[in-house]
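Below: one structure, written as structure tokens.
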Amino acid sequence: MNIDIGIDTAQREAIAGGLSRVLADSYTLYLKTHNFHWNVTGPMFQTLHLMFETHYTELALAVDLVAERIRALGVAAPATYAKFRALSSIAEEEGVPKAHDMIRQLVDGHETVARTAREVFRMAEAASDQPTCDLLTQRMQVHEKTAWMLRSLLE
Ligand SMILES: [Fe+2]
């Protein structure tokens, strides 16, 4: 059955494509945060281990909302590691960095998702796609706040 929500097909597909990048960034950041929860060491172990858990739990819930918005726009959500790797702007970490470098990488990751979300927001706004704008506003808020909190640990 055709979708008739007042956003034309080309715009729906373009926005879904942008949301797929937000999804890929978020999933990559989710995995990196879980990785660091497992592998962090040093005197800040307890603080960081617990803080990273809070962050990856939030991300695990968020990816579902982003994927389901893509579906509501009539497009299949990417859902493989290969697709996420191709779509994501966040590089994976192959080694086990020191705690300080983990925090740096996570600040960078949260800022990256905020930038991607902001880019896609403009597209959604131009198409009067308020639900996507609302979702992206919430995501930017979380990522910018988390980046601030992590950044504060480095000062
Ligand atoms: Fe755990």
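Taken together, the values in this text are just the output of simple stated rules run on the coordinates, not laboratory data. Values in this document were obtained by computation on a predicted structure and should not be read as measured data. Don't worry about glycine lacking a Cβ; one is built from the backbone with ideal geometry, like all the others, and counts go over all protein chains shown.
For the chain, what is the charge dipole size about the Cα centre, in debye to the nearest 20, if Lys and Arg each add +1 at the Cβ and Asp and Glu each add -1 at the Cβ? Don't skip to the end; give the middle numbers.
On the way: 15 positive and 20 negative charges, 31 e Å.
Once rounded to the nearest 20, the dipole reads 140 debye.
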Item checked: Relative contact order (percent, whole number), segment 60-155, Cα cutoff 8 Å, 6+ residue spacing -> 31
Check: What FRET efficiency comes out for the pair THR41/GLU144, r = Cβ-Cβ distance, R0 = 25 Å, nearest 0.05?
Finding: 0.35
Item checked: the chain, helix-only ellipticity at 222 nm - DSSP H runs n ≥ 4, -39,500 (n - 2.57), divided by all residues, nearest 500 -> -26500 deg cm²/dmol
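Grab the eigenvalues of the alpha-carbon gyration tensor for segment 24-76, scale each by 5, take roots, and send me the semi-axes largest first in whole angstrom. Show your work: numbers first, answer last.
Values: eigenvalues 172, 17, 5 Å².
They are 29, 9, 5 Å, listed largest first.
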Notebook entry, point to check: For the residue pair ALA79 and LEU154, what label-to-label distance in nm results when each label sits 7 Å from Cα along the Cα-to-beta-carbon direction?
Noted result: 3.5
Item checked: the chain - Kirkwood radius from inverse mean 1/r over Cα pairs (Å) -> 16.0
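If you take the beta carbon distance between MET1 and THR137 as r and set R0 to 22 Å, what does 1/(1 + (r/R0)^6) give as a FRET efficiency, to the nearest 0.05? Don't jump to the answer; show the numbers that get you there.
Numbers: r = 30 Å, r/R0 = 1.36.
Calculated value: 0.15.
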Checklist line | Three principal axis lengths of segment 83-155 [C-alpha, angstrom, descending] | finding: 44, 30, 13
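For ALA86 and HIS100 in one chain, what is 0.36 nm times their gap in residues minus the Cα-Cα distance, to one decimal in nm?
Working: separation 14, 0.36 × 14 = 5.04 nm, distance 2.75 nm.
Additional length available on full extension: 2.3 nm.
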Note to self: Going 7 Å from the Cα of GLU93 along its beta-carbon direction, which residues of segment 118-155 have the amide nitrogen within less than 20 Å of the resulting point?
What the structure shows: 143-155
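Please give the peptides 45-52, 89-96 ranked by average Cβ packing (other Cβ atoms within 10 Å per residue), highest first, as a rough proxy for protection.
Numbers: 45-52: 15.4, 89-96: 12.9.
Peptide ranking by packing, descending: 45-52, 89-96.
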